[in-house]
1. With a cut-off of at least 2 residues that are in contact (Cβ under 8 Å) with a residue 40 or more places away in the chain and in contact with a Pro (Cβ under 6 Å, 6 or more places away or on another chain), name the strands (runs of 3 or more DSSP E) lying wholly within the stretch B:243-316.
2. Specify the residue that is nearest to A:ASP169 (Cα to Cα); the eligible residues are those in the stretch B:232-256 that are within 11 Å of another protein chain (Cβ to nearest Cβ) and touching a strand residue (DSSP E or B) at 6+ places or on another chain (Cβ under 8 Å).
3. What residue, of A:LEU319, A:LEU275, A:LEU290, is more than 14 Å from chain B (Cβ to nearest Cβ), among the hydrophobic types (A, V, I, L, M, F, W, C), in contact (Cβ under 8 Å) with a residue 60 or more places away in the chain and crowded, with 16+ Cβ neighbours inside 10 Å?
4. Confirm whether B:ILE335 is within 30 Å of B:ASN451 (Cα to Cα) and in contact (Cβ under 8 Å) with a residue 40 or more places away in the chain.
5. Could you list all residues from the stretch A:27-40 that are surrounded by fewer than 17 Cβ atoms within 10 Å (Cβ to Cβ) and either closer than 30 Å to A:ASP325 by Cα or in contact with a Ser or Thr (Cβ under 7 Å, 6 or more places away or on another chain) (or both)?
6. Answer yes or no: is there a residue in the stretch A:187-197 that is under 25 Å from A:GLY113 (Cβ atoms), away from chain B (no Cβ under 14 Å) and touching a helix residue (DSSP H, G or I) at 6+ places or on another chain (Cβ under 7 Å).
7. Take A:VAL154 and tell me if it is assigned to a helix (DSSP H, G or I), assigned by TED's automatic domain parsing to the domain that holds A:PRO288 and at pLDDT 90 or above.
8. So, of the residues in the stretch B:198-214 that are in contact with a strand residue (DSSP E or B) (Cβ under 9 Å, 6 or more places away or on another chain) and loosely packed, with under 15 Cβ neighbours inside 10 Å, which turns out to be farthest from the other protein chains (Cβ to nearest Cβ)?
Amino acid sequence: MISYIIRRLLLAIIVIIGVSIFTFLLTRVVPSEPAARWVGPHATTEQIAAARIELGLDKPIYVQYWKYITSFFKGDWGLSIRTHQPVLHDLVLYFPASLELIIFGMFIAFLIGIPLGIISAARDGTAIDHLSRIFSIAGVALPSFWLGLILQLVFFKELKILPLSGRLDMMTDLLHPVKHITGMYLFDALVTGNFAAWVSALSHIVLPGLTLAAYPLGLAVRMTRATMLEILKEDYIRTSRAYGLSETKILTVYALRNAIGPVLTVSALTFAYSLVSTFLIESVFDWPGLGYYASKAIMTVDYPAIMGVTLLVSFIYVLLNLLVDIAQAFLDPRIRIG
Amino acid sequence: MLKNKINLLKLIGISLLLAVLFGTPVLAAQPQVAVYAYTSEVTIFWDPSDTFSNEIIWMNNVYETLLRYNPFKDTFEPVLAESYEKSADGKTWTFHLRKGVKFHTGNEMDAAAVKASIERTINRGKGASYIWDAVSSIETPDKYTVVFHLKYSTSLDLVVAAGYSAFIFDPKFSDHEWFKAGHDSGTGPYMVESHKGNEEIVLTKFPEYWKGWSGKHFDKVLFKEVPEASTRRLMIGAGQADFTEMLPISEINALKGNPNVKIVHTPSFQNLLALFNTQKPPLNNKLVREALAYTIPYQDIVEGVLGGFGRQSRGVVPYGLWGYSDRIKQYTTSIETAKVLLKEAGYAGGGFKLLLVYTSGDENERRVAELWKSELAKLNINLEVRGMPWDSQWDLAKSPDPNKRQDIFLFYWWPDYANPHSFLSAMFETEKEINFNLDYYSNPLFDDLINTAASITGTNRKEAINLYVEAQNVLMEDAPGVAIYDMEYVRAVRASLKGYVDNPAYPHVVFWYDCYRE
């Protein structure tokens, strides 16, 4: 088991280093003048030359990469060309907003998705099952930016019950600012007793949260339904029924316990996927998270910020994959031996 | 009956709870808050020495300069300096400071602080610090007098009044990292209260501001990035913002009928230029360049692209800035004249292709290019219009081989302070290494004219203007490029906002201390 974990860890490190080299080279191939951006719009040639030295851009690319990667592991992720702040500082600032949105979206997805999957499987072939399948296919198939716009149109423009964009109402933000603890407003406002801000944060997260939830929700319904249908055909379920156990108990205790494994595996990977899918949703809802930061970085060829976001997302992706692999290996000896 | 009573008690209880939770803040006196919805990040730089970008919109409310320039009257308003005088040769400038001014840090503003602020800005060499190039030394003969000794005569009053790199701050609180953490040490009416990344800054009033707080003023100002033009329009229309700008014409038109919004437009010091590649055929031929200048549909562009909020340029210095003059030649749209010039140049019947590059995403530039393309087609000239990211556009323009560069480069320019020199110097003065002279023009006569003009602006403004006018006529003759239009700033302002005066010397700045809501 330990040798398996070590093997997987080494593979993960190789993946991260590969991503870092590839992204580093890619950001340098694009024609850009980061030194000029660093100084400002009317920079003189002397100022640009000085900025090149300041940013280390006068060095050969392999020296720049080595300096970057060695500093990276010491916690220095470089300075953003656009914000002039350390990239790590920026990520700490923007990441919690994305994390909050993803947690909220995933919570909604699984809160609705798993029961819907169970019902669908239990009522296989009925109208409820067909409706739930249509619902899940729509969730997976609809583009998130389109769904976001439609939700805005319905709940903001027509019904006027939910805000258009942002994380907080402007006046609430000014008069009842959220004290920074984790950067996740719902949590921070709640623990500091700032209920005005909590209500505002909740009303703002609903639409982007639902948009983000659509894909994992559809996936959760389909996965739960498929695994439940398999399990419901097992002998022990038939035996349970023969013993006269209630259908609810059979479904939620005996069947679901065995069906939930694959669903949770998929949920871990969907969580990582949501880190990227949230980029578009953040643009639609003006949500100041990682996606907002990344899109600005790309537009301004802010290569240290692009590197930072890419490596952070890759790291989370690889980490979640690793955890899933280890968990599966722990449960199934065939995997770790093979 | 009992159930009904219980329900009623529940209702009262819930109502009370809600009132306690959410009602209390509503009952408390709310501060007067102004909201500025800005199109981009509200700050890039935090250090008042390094400032060179969007932060101008809030920094001019937090930091002050010695003087403030009024370009419409060509006069200076005293700010931190009450008065000033210059020597006959324009090389020694003495400023007498206002007494009793405090920094937000609590320390007093004095001559030593002014000297240290400016020397720090010069020594850091960042941002627009080069505006202090003429300064050789600064003396402080007494606590409230600052004397600048210059290497050459220049309009130092314009320099000390600049919107960038001329701020006075408390030198005891001037650590770069401290500024970057979102702190300030200015003397202005407002100080930084909080910020969220680069997207949002809240300023709150500085109680000890030297002008005092009697009369109507805002208590706080929120600067917020709202990139979507339609959202900014919705905000101003719904009274959620007091001021916004850079709205497309369609959004301006959508606001025109709204009684709660007024549209303010003033001449800006920003213009759009078409720079010709003077080192590559066929535009290395002066006659072809002149012909092209006659093909630009100036009036169609002003009406169709700017919606009338602008004017055709005359020369290179924009309307309203000193150095602009009716004595400068202005091209008209004349396809017939262009035909004659092309024939004279040996290109009768056109038959050549030109590459025009513009910054992708800039709708105005794209539409200008498309209108121009259709005019050039009449002369059998094929204009390829290519939108490129700015970095790629600039990279192409700096290719070592002039033949690999673009033929026409669309380009905006605005001055670092209210001085015509940068318009002429940056884009047309001989450059050893290409920076912004993207027409690659070099003319010793022109260089001499603008540099002589610069050296006498501090002592003989009238003669300096004459030289700048002469220099611009040289440009019109050689046509290394042509300024197409001078923009107007178009702002959407909440109708109840009073006291706002647009000053193009401080582009996009609202001096919020002067404003109030009726």
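1. Per the criteria, B:261-276.
2. Out of the qualifying residues, it is B:GLN240.
3. After ruling out the rest, the residue left standing is A:LEU275.
4. The answer is no for B:ILE335.
5. Hit for the stretch A:27-40 is A:PRO31, nothing else.
6. no
7. Against the criterion (assigned to a helix (DSSP H, G or I), assigned by TED's automatic domain parsing to the domain that holds A:PRO288 and at pLDDT 90 or above), A:VAL154 qualifies.
8. B:GLU208
The values are calculated or read from the model by the stated rules, or taken from the named source; none is laboratory data. All values reported here derive from a predicted model rather than from experimental measurement. FYI the Cβ positions are ideal-geometry reconstructions off the backbone, even for glycines, and counts take in every protein chain you see.
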